[in-house]
Amino acid sequence: MNQEKREHWKSQIGFILASAGSAIGLGSIWRFPYITGEYGGGAFVIVYLVCIVLIGIPVMLCEFALGRRTQRDPVGAYAALSGNNRFWKLVGFMGVASGFIILAYYSVVGGWTIAYTLKSLTGQIAQFTTPDSAWQEFLSFTAHPLWPLFFHAVFMVLCVAVVYGGVRKGIERVNDVLMPALFVILIAMIIRALTLPGAGAGVEFFLKPDFSKLTAKAWLIAIGHGFFTLSLGMGAMITYGSYVDRKTDLWSATLWIIFLDTAVSMMAGLAIFPVVFAMGADPAGGPGLIFKVLPAVFNKMPGGTYLWSTLFFFLLVIAALASGLSLLEVVTAHLVDKGYDRKKTAVWAGFLIFLLGIPCSLSFGVLSEYKIFGRNFFDTLDYFAANILLPLGGLLVCVFVGWVWGSSHSFHEIASGSEEVHEHKHKWLKCWSFFVRYLTPLAMAVVFIVSAGVMKVE
Ligand code: PHE
């Protein structure tokens, strides 16, 4: 194990910010507010928190422990602790492949957010005063054969530029700036949103508990979302964990990362819904909310016609970029650990991922008629990664850590560096074993079966 040679995070805070940067992404900012409003407001938040405790915390700890113990990329990590077992190496490889696939379509959306920031800055967004006109613009922009590809390329170049610089000089340094900037913008937006007349209705839509909406589906959505938003199940956290030294407290870092991601998700809801309601718009879902409703809504906001839309889209760029570069790092780390040069690898991996992103981008234009089982290329990759690869990866990492590496070995890894865990060793070990061997894998198995479409839940 190349412990001496491997680059490590400069500080625990740098590690926390980079991992939080990976977690906080498009998923946290546009998806969480929407599904919360849809599936029961405050009641859904409670369900989400329960899922995070049952699944999010244990799986993240598994990944960090695996990474730090082996100081290797996902494939190397599984290989090192399984006696080079082929099956487990394949599981690690599945994570690397997930990074490749997710980044291909994530970068297309990342490109849209860059384009919208520029459109806001140049005042183009200010022309769309109704959701319909904003939507028309979105449809014609994404269907254009060249512009979305250009911005997809810009997004990939930014990711490559950061990963090129390495762990400390690239990833850590950039996140040290991006994450605080994200918080400042978000807080400014919340203050503006909550002081608009009529903001209360938005807060009510977002958070008023409605327990009748807590169906089995709501639980599954909560778990599935928790997985994607915390960047679990694909080795991103194994990779980031492999840059951690032995003095770092993995337990408290995990709690911080999860707290930051959840806080940003909640804050995004508080920044978005009061504005939507105060301006009398319809809280549509998903990309519709961001590209259809918000441009029209921002234009009616007092206090700078396009200031707020520029800030909002810039916020999305930051969030998407910090996540995107963690995806690229997973692929790069794998090849670097195989002995390739980091700089060349980052460029090549970025280029190949860009190529896979081309048909994703064109899915909204010239390729929109090409369907694979009823889904366009973009949706196919998203479905395959988010519903199959990630839940399967999450289930397997738990089984590996609980049963193959073993709960007591993995527990020692977590305890090293953490006084708190060390102090209550016996109690915590029992609890850890129960979660990582039984509870979490079982919950993950159910999620996998349902999300892969083997079983249906309404
Ligand atoms: N967590 C990111 C988001 O919320 C997406 C992501 C998934 C990033 C998996 C890395 C790995 O948008």
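Throughout, read-outs are computed from the coordinates displayed, never taken from laboratory work. The shown structure was predicted, so the numbers you read here are calculated from the model rather than taken from an experiment. With ideal geometry, Cβ positions are generated from the backbone for all residues, glycine too; neighbour counts draw on all protein chains shown.
Taking 2.2 N^0.38 Å as the expected size of a compact globular protein, what ratio does the Cα radius of gyration of the range 1-78 give against it, to two decimals?
1.43
Quick one: if the Förster radius is 22 Å, what FRET efficiency do residue 7 and residue 246 give, using the C-beta to C-beta distance and rounding to 0.05?
0.90
Under 37 °C and 0.692 mPa s, how fast does the chain diffuse according to Stokes-Einstein, given a Kirkwood radius computed over C-alpha pairs? Answer in µm²/s, whole number. Let's see the in-between values first.
Values: Rh = 22.2 Å.
Using the Kirkwood radius from Cα pairs, D works out to 148 µm²/s.
What is the packing order of peptides 156-165, 236-245, taking the mean over residues of other C-beta atoms within 10 Å and listing the highest first?
In decreasing order of mean packing, 156-165, 236-245 become 236-245, 156-165.
Would you calculate the separation in nanometres between label points at residue 352 and residue 449, each defined as 7 Å from the Cα along the Cα-to-beta-carbon direction?
3.6 nm
Could you tell me the extents of the range 35-147's C-alpha atoms along the three principal axes, largest first, rounded to whole Å?
61, 41, 22
What is the gain in length, in nm to one decimal, between residue 147 and residue 187 on full extension, counting 0.36 nm per residue of separation less the C-alpha to C-alpha distance?
11.2 nm is the gain from fully extending residue 147 to residue 187.
Dividing the alpha-carbon Rg of the range 232-286 by 2.2 N^0.38 Å yields what?
The reported ratio for this selection is 1.72.
Express in % the proportion of alpha carbon pairs of the range 128-199 at distances exceeding 20 Å.
63 percent
Please report the base-10 log of the normalised intensity I(q)/I(0) for the range 174-293, using a Debye sum with one equal scatterer per alpha carbon and no solvent, at each q in 0.14, 0.17, 0.22, 0.23 (1/Å).
-0.80, -1.08, -1.37, -1.40
From a point 7 Å beyond the Cα of residue 343 in the direction of its Cβ, which residues of the range 160-176 have a backbone N at a distance under 19 Å?
160-174
Whole number please: convex hull volume per residue, Cα atoms of the range 89-142, in Å³.
Details: hull volume 4.1 nm³, N = 54.
Here the figure is 77 Å³ per residue.
Given the peptides 340-353, 417-430, arrange them by the average over their residues of other C-beta atoms within 10 Å, most packed first.
Top to bottom by mean Cβ count within 10 Å: 340-353, 417-430.
Relative to the longest principal axis of the C-alpha atoms of the chain, give the angle of the C-alpha long axis of helix 390-399, reported between 0 and 90° and rounded to the nearest 10°.
20 degrees
Consider just the alpha-carbon atoms of the range 345-458 and return their Rg together with their Dmax, both in angstrom.
20.3, 61
Quick one, can you get me the convex hull of the C-alpha atoms of the range 347-409 expressed as volume per residue in Å³?
On the way: hull volume 6.6 nm³, N = 63.
That works out to 104 Å³ per residue.
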